[in-house]
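Trainee: Pasting a structure below so you can have a look.
The values are calculated or read from the model by the stated rules, or taken from the named source; none is laboratory data. What you see is a predicted model; the values in this text were computed from it and never measured. Glycine gets a Cβ as well: all are built from the backbone with ideal geometry, and neighbour counts include every protein chain shown. Each accessible area value is taken on the protein alone, full model and side chains, heavy atoms only, with ligands, DNA and RNA left out. Shrake-Rupley method; radii C 1.70, N 1.55, O 1.52, S 1.80 Å.
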Amino acid sequence: IDLVEQEGIDCHLEQRGRFLGACAASHYEGLRTRFAKLRGGGGQWLAEGVATCGLLLVILRAPAGRASAMVAAYIGAAYWFTASTSFANPAAAFGRMFSDSFAGIAPASVPGFVAAELVGAALALGLHRVLGPATPMKGQG
(Lines give C-alpha, C1' and ligand atoms only; values in the text may rest on other atoms or scores of the structure.)
Protein backbone atom coordinates (compact mmCIF):
# COMPACT_ATOMS: atom_id res chain seq x y z
CA ILE A 1 0.00 0.00 0.00
CA ASP A 2 1.46 3.32 -1.00
CA LEU A 3 -0.26 5.78 1.34
CA VAL A 4 1.46 8.77 -0.23
CA GLU A 5 0.05 7.88 -3.64
CA GLN A 6 -3.31 6.71 -2.29
CA GLU A 7 -3.97 9.79 -0.19
CA GLY A 8 -2.21 12.31 -2.44
CA ILE A 9 0.03 13.44 0.41
CA ASP A 10 2.83 15.83 -0.49
CA CYS A 11 5.52 15.17 2.14
CA HIS A 12 7.50 18.28 1.23
CA LEU A 13 4.40 20.44 1.61
CA GLU A 14 3.67 18.84 4.99
CA GLN A 15 7.23 19.54 6.17
CA ARG A 16 7.06 23.17 5.07
CA GLY A 17 3.73 23.56 6.83
CA ARG A 18 5.07 22.14 10.08
CA PHE A 19 8.12 24.39 9.94
CA LEU A 20 6.08 27.52 9.25
CA GLY A 21 3.56 26.57 11.94
CA ALA A 22 6.29 26.13 14.55
CA CYS A 23 7.91 29.44 13.58
CA ALA A 24 4.58 31.26 13.67
CA ALA A 25 3.69 29.81 17.08
CA SER A 26 7.09 30.80 18.46
CA HIS A 27 6.68 34.31 17.06
CA TYR A 28 3.15 34.77 18.40
CA GLU A 29 4.13 33.65 21.87
CA GLY A 30 7.32 35.73 21.87
CA LEU A 31 9.33 32.55 22.39
CA ARG A 32 12.84 31.95 21.20
CA THR A 33 13.19 28.57 19.53
CA ARG A 34 16.23 26.83 21.01
CA PHE A 35 16.20 23.33 19.51
CA ALA A 36 17.48 22.05 22.85
CA LYS A 37 15.36 19.00 23.73
CA LEU A 38 17.73 16.07 23.25
CA ARG A 39 15.89 12.77 22.98
CA GLY A 40 17.44 9.40 22.38
CA GLY A 41 18.21 5.96 23.64
CA GLY A 42 16.53 2.60 23.42
CA GLY A 43 13.48 3.50 25.48
CA GLN A 44 12.65 6.59 23.41
CA TRP A 45 13.19 4.76 20.13
CA LEU A 46 11.17 1.74 21.23
CA ALA A 47 8.32 4.05 22.28
CA GLU A 48 8.46 5.82 18.93
CA GLY A 49 8.40 2.53 17.04
CA VAL A 50 5.38 1.39 19.08
CA ALA A 51 3.62 4.73 18.47
CA THR A 52 4.19 4.53 14.72
CA CYS A 53 3.18 0.87 14.50
CA GLY A 54 -0.02 1.56 16.41
CA LEU A 55 -0.88 4.61 14.34
CA LEU A 56 -0.49 2.76 11.05
CA LEU A 57 -2.52 -0.18 12.34
CA VAL A 58 -5.30 2.23 13.29
CA ILE A 59 -5.19 3.77 9.80
CA LEU A 60 -5.00 0.46 7.95
CA ARG A 61 -7.61 -1.38 9.99
CA ALA A 62 -10.14 1.34 10.78
CA PRO A 63 -13.67 0.82 9.49
CA ALA A 64 -14.58 2.94 6.48
CA GLY A 65 -15.34 6.52 7.44
CA ARG A 66 -13.97 6.14 10.97
CA ALA A 67 -10.23 6.53 10.45
CA SER A 68 -9.99 10.28 11.10
CA ALA A 69 -11.70 10.10 14.50
CA MET A 70 -9.75 7.00 15.47
CA VAL A 71 -6.43 8.58 14.43
CA ALA A 72 -7.20 11.70 16.47
CA ALA A 73 -8.05 9.60 19.53
CA TYR A 74 -4.95 7.42 19.08
CA ILE A 75 -2.54 10.35 18.73
CA GLY A 76 -4.07 12.11 21.73
CA ALA A 77 -3.65 8.98 23.83
CA ALA A 78 -0.23 8.02 22.46
CA TYR A 79 1.13 11.46 23.38
CA TRP A 80 0.65 10.40 27.00
CA PHE A 81 1.29 6.63 26.92
CA THR A 82 4.62 6.71 25.07
CA ALA A 83 7.90 8.00 26.44
CA SER A 84 8.57 9.70 23.11
CA THR A 85 5.30 11.76 23.12
CA SER A 86 4.34 9.95 19.90
CA PHE A 87 5.71 11.84 16.94
CA ALA A 88 4.85 8.73 14.85
CA ASN A 89 5.66 10.55 11.61
CA PRO A 90 8.96 11.90 10.20
CA ALA A 91 7.19 15.16 9.29
CA ALA A 92 6.11 15.57 12.92
CA ALA A 93 9.68 15.02 14.12
CA PHE A 94 10.85 17.60 11.58
CA GLY A 95 8.23 20.14 12.70
CA ARG A 96 8.92 19.60 16.38
CA MET A 97 12.63 20.39 15.82
CA PHE A 98 11.54 24.01 15.69
CA SER A 99 9.71 23.95 19.01
CA ASP A 100 11.12 24.33 22.49
CA SER A 101 8.00 22.88 24.08
CA PHE A 102 7.66 19.70 26.14
CA ALA A 103 7.20 17.78 22.88
CA GLY A 104 10.08 19.45 21.02
CA ILE A 105 13.15 17.60 19.77
CA ALA A 106 16.73 18.61 19.01
CA PRO A 107 17.83 18.17 15.37
CA ALA A 108 20.53 15.71 16.45
CA SER A 109 17.83 13.42 17.89
CA VAL A 110 15.66 13.28 14.75
CA PRO A 111 17.57 10.54 12.83
CA GLY A 112 17.06 8.01 15.63
CA PHE A 113 13.35 8.84 15.74
CA VAL A 114 12.96 8.53 11.98
CA ALA A 115 14.74 5.17 12.02
CA ALA A 116 12.42 3.96 14.81
CA GLU A 117 9.40 5.22 12.84
CA LEU A 118 10.52 3.27 9.77
CA VAL A 119 10.91 0.09 11.83
CA GLY A 120 7.48 0.68 13.40
CA ALA A 121 5.94 1.25 9.96
CA ALA A 122 7.44 -1.96 8.59
CA LEU A 123 6.18 -3.89 11.63
CA ALA A 124 2.68 -2.42 11.18
CA LEU A 125 2.55 -3.41 7.53
CA GLY A 126 3.71 -6.93 8.39
CA LEU A 127 1.12 -7.26 11.15
CA HIS A 128 -1.61 -5.92 8.87
CA ARG A 129 -0.77 -8.56 6.26
CA VAL A 130 -0.67 -11.34 8.87
CA LEU A 131 -4.02 -10.28 10.34
CA GLY A 132 -5.67 -10.30 6.92
CA PRO A 133 -8.37 -7.95 5.68
CA ALA A 134 -9.91 -5.61 8.23
CA THR A 135 -13.40 -6.66 9.26
CA PRO A 136 -16.10 -4.12 8.32
CA MET A 137 -18.35 -2.71 11.03
CA LYS A 138 -21.74 -4.29 11.56
CA GLY A 139 -24.07 -3.17 8.80
CA GLN A 140 -21.24 -2.52 6.32
CA GLY A 141 -20.22 -4.64 3.34
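Trainee: What figure in square angstrom, to the nearest 10, would you give for the accessible area of Leu38 with a 1.4 Å probe?
Mentor: Roughly 130 Å² of Leu38 is accessible to a 1.4 Å probe.
Trainee: Using amide H atoms built 1.01 Å from N in the peptide plane, name the residues 5+ places from Arg39, or on other chains, whose amide H lies under 5 Å from its own.
Mentor: Amide H neighbours of Arg39, under 5 Å, 5+ apart: Ala106, Ser109.
Trainee: Right, next: Which order do Thr135, Thr82 take when ranked by solvent-accessible area (1.4 Å probe, heavy atoms of all protein chains), largest first?
Mentor: Values: Thr135 110, Thr82 15 Å².
The most accessible residue leads, giving Thr135, Thr82.
Trainee: Here is a further query. Tell me, what HN-Hα J-couplings in whole Hz come from the Karplus equation 6.51 cos²θ - 1.76 cosθ + 1.60 at θ = phi - 60° for each residue of the range 59-64, using x for Gly and Pro?
Mentor: 5, 6, 10, 5, x, 3
Trainee: Hey, what do the phi angles of the range 102-112 turn into as Karplus ³J(HN,Hα) couplings, whole Hz, using 6.51/-1.76/1.60 and θ = phi - 60°, x for Gly and Pro?
Mentor: Computed from phi, the couplings for the range 102-112 are 4, 9, x, 8, 6, x, 5, 8, 5, x, x Hz.
Trainee: Measuring with a 1.4 Å probe in the full set of protein chains, what accessible area per residue, in whole Å², belongs to the range 51-99?
Mentor: Numbers: 2040 Å² over 49 residues.
Per-residue value: 42 Å².
Trainee: For the pair Val71/Ala134, report the inter-label distance in nm, with labels modelled 7 Å from Cα in the Cβ direction.
Mentor: Inter-label distance under the simple model: 1.1 nm.
Trainee: Using a 1.4 Å probe, how large is the accessible area of Val130, given in Å² and rounded to the nearest 10?
Mentor: Its heavy atoms expose roughly 120 Å² to the probe.
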